[in-house]
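Coordinate-derived values only; no laboratory data. None of the values given here were measured: they were computed from a predicted structure. When we count neighbours, we look across all protein chains shown, and the Cβ atoms used for this are built from the backbone with ideal geometry, even at glycine.
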Amino acid sequence: MSTNPMNTKPLRFFRRGEIVSLPAVDTNRTLLEVLREDLHSCGTKEGCGEGDCGACTVVVAEANGAELKYSAINSCIRLAHSIDGMALWTVEDLAPTLGAAASKLHPTQQAMVDCHGSQCGFCTPGFVMSLFGQYQSKTCKGQAISRADAQAALSGNLCRCTGYRPILDAAEAMQALPLQTVDEANVLSKLEQISDIRRGLEANFAYMLPVNLAELLANRAAHPDAQLVAGCTDVGLWVTKMHMQFAKVLDVTQVAELRRVEHYPQHIAIGAAVTLTDAFAALVTDRPQLAEFAHRFAGLPVRNSGTLGGNVANGSPIGDSMPLLIALGASVVLMRQSGRRIAHRELPLEDLYTGYRKNVMAADEVLAWIKVPKATEAEFSRVYKISKRFEDDISAVCLAVNVQIANGRVRSASIGAGGVAATPVRARKTEAALVGQPWTQDTIRQAMQTLRGEFTPISDMRATAGYRSTVLSNLLQRFWLESQGTVQTDVRSLDLDAAAQEMAV
Ligand SMILES: Cc1cc2nc3c(=O)[nH]c(=O)nc-3n(C[C@H](O)[C@H](O)[C@H](O)COP(=O)(O)OP(=O)(O)OC[C@H]3O[C@@H](n4cnc5c(N)ncnc54)[C@H](O)[C@@H]3O)c2cc1C
Ligand code: FES
Ligand code: FES
């Protein structure tokens, strides 16, 4: 690939015991391209090129205090420069290549062999890397990996030959093999060296990777034309599928302030650059009923890269976190540099959007925080995602409801919906139909009528307009039943045949 020298920048990361320093990497290049084409590390495969299959999974790590924090990510949609200053492992890096141990496989690989976890093998490097991520995060820290943990860890990896049972067996079996650890002290000291090198370099505006909020806002003010990126799980597809190229990129993922989750008495403040994995962990700690919903957001490698801020800012009408956040009463904090001051404004999340993928953010503003009110004793809240596949699929319809009942009446109601309008929306008419009414089946029937007519969804490949309206209002009935403690609905047990007929267009 020919490169424009204006769009290149040095890239440094830790790999195989040392610092890899590439003097001029095109800033639009994906990590997978750098691995396969520049470094000739072809063990990492390309399947879909859009984050869906996991063949390209690699593991990155960053300093987290005195330890490393490991994440399995999709290299196909991640811009290479986003890993500047991190440690990287590909499937070639797990087994020793030199010395007496050269023929020894890593426990993740050995377990795959022992459990017959690979047939054609195309998916195998990705599976091994997802297992390695789990091995480093759990086994090496003395934590057991359950079958459910293994399923979650492999949720972004597709295998069409072997079947998942032997691979899940391998995930459990690798824990019993002799432990193989990473020399974390060496990695941490090399990462520190990279960060010293980076501090001494001149700014390069082709790919800006600020490390604090002041730097981010200054860059945003000076370069409002730069493409803002976070985990790149939406933007990466614009590069790989739509062949977009950016003259300047402003990456928010290393901004220390925006990577924090802060707990206050009344709310949780989630920095826009907090990964979906960590953001959902915080939300689930406060509302454990959200665990299944969190698991159903993409697969783990996408959640490890993608950020909550990216989901909200992208503003897709079928984005999953927004209906939930609307129902929970979340607000967003937007920030910009104003002269020598930092200016900010806060607004309800639903007021961020002005149209299909359009929002009120000015060219020099960034989304900085998402503030989510904490759960209260009196609330009853649920969120439902309806998609064609149970796992790793985008919503056709999403409904989130949060009510407070006092003395048998609805004291407050907030309802967020996805997949039924050009933006994520708040169902204000339906809320009005509920507030002040007795919490009964009759009230719900009325509210279902209102909800069914409140939006005018479109038909597309995911569902017909009729299906969306019907399912949306039926979900309110499900919410009512669950509030009565009579039904604990598992979507897999529902009779979806009738709905499925309407869903096909
Ligand atoms: C395989 C796959 C499965 C997926 N499944 C789901 C799913 O189940 N549910 C779902 O909702 N989404 C899903 N997505 C979409 C995507 O993962 C999410 O939208 C994700 O949260 C985007 O975050 P990001 O950090 O990757 O954003 P990026 O791709 O980096 O950016 C997305 C947009 O947000 C803007 N942006 C990012 N951060 C900021 C900021 N701080 N301030 C202002 N603007 C900002 C960017 O400029 C860009 O326009 C999936 C994607 C893939 C590839
Ligand atoms: S190649 Fe399919 S997820 Fe990257
Ligand atoms: S072994 Fe062939 S796709 Fe998994």
**Whole-Hz ³J(HN,Hα) from phi, Karplus 6.51 cos²θ - 1.76 cosθ + 1.60, for segment 51-68, glycine and proline x** = x, 9, 10, x, 4, 9, 5, 10, 10, 10, 9, 10, 5, 10, x, 8, 10, 9
**Message:** For q values of 0.11, 0.14, 0.19, 0.22 Å⁻¹, compute log₁₀ I(q)/I(0) with the Debye formula on a Cα-only model of segment 138-259, without solvent.
**Reply:** -0.68, -0.92, -1.04, -1.16
**Asked** Taking H as built 1.01 Å from N, whose amide H comes closer than 5 Å to the amide H of residue 25, not counting residues under 5 places away?
**Response** 9, 11
**Prompt:** Restricting attention to segment 28-100, which GluC sites (Glu not before Pro) occupy a DSSP loop and are surrounded by at most 15 other Cβ atoms within 10 Å?
**Reply:** 50
**Separation between Cα centres of segment 387-448 and segment 309-323, rounded to whole Å** = 18
**Fill in**
If one compares the long axis through the Cα atoms of helix 465-483 with the longest principal axis of the Cα atoms of the chain, the angle in degrees, nearest 10, works out at 80
**Prompt:** Expressed as a fraction of 2.2 N^0.38 Å, the rule-of-thumb size for a compact globular protein of N residues, what is the C-alpha radius of gyration of segment 255-386?
**Reply:** 1.02
**Asked** Mind checking the alpha-carbon convex hull of segment 148-193 and giving the volume per residue in Å³?
**Response** 127
**Fill in**
Taking only the alpha carbons of segment 226-323, the radius of gyration and the largest Cα-Cα distance, Dmax, both in angstrom, are 14.0, 46
**Request:** Averaging over all projection directions, find the projected area of the Cα convex hull of segment 252-292 and quote it in nm² with one decimal place.
**Result:** 2.9
**Fill in**
Given 20 °C, 1.002 mPa s and a Kirkwood radius over Cα pairs, the Stokes-Einstein diffusion coefficient of segment 318-434 in µm²/s is 138
**Message:** Quick check of the Kirkwood formula: for segment 331-370, what is the inverse mean of 1/r over all pairs of different Cα atoms, in Å?
**Reply:** 10.5
**Item:** For segment 420-460, the spread of Cα positions along each principal axis, largest first, Å
**Value:** 36, 15, 10
**Request:** Report, in deg cm²/dmol and to the nearest 500, the calculated mean residue ellipticity at 222 nm for the chain, where each DSSP H run with n ≥ 4 adds -39500 (n - 2.57) and the sum is divided by the residue count.
**Result:** -9000 deg cm²/dmol
**Prompt:** How far is helix 441-454 tilted, in degrees, relative to the longest principal axis of the Cα atoms in the chain, given as a value from 0 to 90 rounded to the nearest 10?
**Reply:** 60
**Item:** Over 23 Å between alpha carbons, listed pairs 138/385; 9/248; 190/241
**Value:** 138/385; 190/241
**Asked** Which percent of Cα pairs goes in each bin when the distances of segment 123-170 are cut into 5 angstrom slices starting at zero?
**Response** 5, 22, 36, 23, 10, 3, 1
**Message:** Once you order the gyration tensor axes a ≥ b ≥ c over the Cα atoms, which shape class does segment 44-184 get: rounded for a/c under 1.5, otherwise prolate or oblate by comparing a/b with b/c?
**Reply:** rounded
**Cα-only radius of gyration and Dmax that characterise segment 1-98, units Å** = 13.3, 41
**Message:** Considering only C-alpha atoms, what is the centroid distance from segment 206-266 to segment 110-158, in Å?
**Reply:** 31
**Item:** Rounded to whole Hz, the Karplus (6.51, -1.76, 1.60) HN-Hα couplings of segment 123-136, x for glycine and proline
**Value:** 7, 4, x, x, 4, 4, 6, 5, 5, 4, x, 5, 4, 5
**Request:** With a 10 Å radius around each residue's Cβ, average the other Cβ atoms per peptide and rank 173-185, 227-239, 249-261, highest first.
**Result:** 227-239, 249-261, 173-185
**Complete:** Going residue by residue through segment 26-39, the Karplus relation 6.51 cos²θ - 1.76 cosθ + 1.60 with θ = phi - 60° gives ³J(HN,Hα) values, rounded to whole Hz and with x marking Gly or Pro, of 4, 6, 9, 7, 7, 4, 5, 4, 5, 5, 7, 8, 8, 9
**Complete:** Rounded to two decimals, the Debye log10 I(q)/I(0) of segment 296-335 (Cα scatterers, no solvent) at q = 0.25 Å⁻¹ is -0.95
**Asked** Per residue and in Å³, how big is the convex hull formed by the alpha-carbon atoms of the chain?
**Response** 161
